[in-house]
Amino acid sequence: YDFANDNRFLITFIEYEGIDVHFGFANKNGEVVIPAKYDIVYNDFLYADDLIIVGKRFEINYGTLEKPRIYKWFLQGLINSKGVELIPCKYKNLYTIRNNKLYLADNCVLLDSNGTEIIPYGRYLKIYDDFISGFSRTLSNTHLWGVIDINGNEIIKEGTFNKIWPIKNDYSSIVVERDRIRYEIPFA
């Protein structure tokens, strides 16, 4: 492979271990920067300051020894171009929101790019809408709706309204419902 003519900051490479495949990253000289220890890679290192989502295979047997039912998936995490795991590979799904500054894990944990939990696991059943216009709907474990901002501050206290409608980019307000009457709350 012609590493020198690849435009990426780090180049993905593959190592085989039997039938297993592992991914790592090398520089333009072909020198290994991040060893091949990930089972899946979701992005490329185009620039030195990129952060990318990687994954490690996880298997669990829900069956018995006689009749196994093995489920496989990847637990995802976040690394920088030096191979430092900023967010450990422990989430079933991890994706970036807000220009790679925030990450939503398992649809209920909000983290910054250093892996610091802004909203910890268990606080909400689900966080919706990916912080469109800086806000996101939440659903609590008791199935009450609320709205938070990108810092995790509660903007609309959960349980104030029976329903909060999806937040859209082209909306100028949040549509809420209480006792079958809809209201509009303008974005501040």
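The values are calculated or read from the model by the stated rules, or taken from the named source; none is laboratory data. Everything quoted here is computed from the prediction, not taken from an experiment. Quick reminder, even Gly has a Cβ in these numbers, built from the backbone with ideal geometry, and neighbours come from all protein chains shown. Surface accessibility is based on the protein's heavy atoms, side chains included, excluding ligands, DNA and RNA. Shrake-Rupley method; radii C 1.70, N 1.55, O 1.52, S 1.80 Å.
The table for this structure:
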{"read-out": "Counted residues, the range 147-179 - those being open to solvent by 30 Å² or more (accessible area, probe 1.4 Å), of a type outside the set (Asp, Glu) and not in a strand (DSSP E or B)", "value": "13"}
{"read-out": "Failed criterion for residue 124 (all others in (1) part of a loop (DSSP other than H, G, I, E, B); (2) closer than 18 Å to residue 164 by Cβ; (3) open to solvent by 60 Å² or more (accessible area, probe 1.4 Å) hold)", "value": "(3)"}
{"read-out": "Among the residues listed as 95, 103, 71, the single one being under 30 Å from residue 131 (Cβ atoms), open to solvent by 70 Å² or more (accessible area, probe 1.4 Å) and not in a loop (DSSP other than H, G, I, E, B)", "value": "95"}
{"read-out": "Residue that is farthest from residue 76 (Cα to Cα) [pool: residues in the range 22-38 that are open to solvent by 40 Å² or more (accessible area, probe 1.4 Å), at pLDDT 95 or above and of a type outside the set (D, E, K, R)]", "value": "32"}
{"read-out": "Sole exception among (1) among the polar types (S, T, N, Q); (2) open to solvent by less than 40 Å² (accessible area, probe 1.4 Å); (3) over 19 Å from the mean Cα position of the chain (by Cα); (4) within 17 Å of residue 97 (Cα to Cα) for residue 113, by number", "value": "(3)"}
{"read-out": "Of all residues in the range 39-61 being in contact (Cβ under 8 Å) with a residue 40 or more places away in the chain and part of a strand (DSSP E or B), the one that is least open to solvent (accessible area, probe 1.4 Å)", "value": "53"}
{"read-out": "Those residues of the range 18-27 which are more than 28 Å from residue 101 (Cβ to Cβ), assigned to a loop (DSSP other than H, G, I, E, B) and not hydrophobic (A, V, I, L, M, F, W, C), in sequence order", "value": "18"}
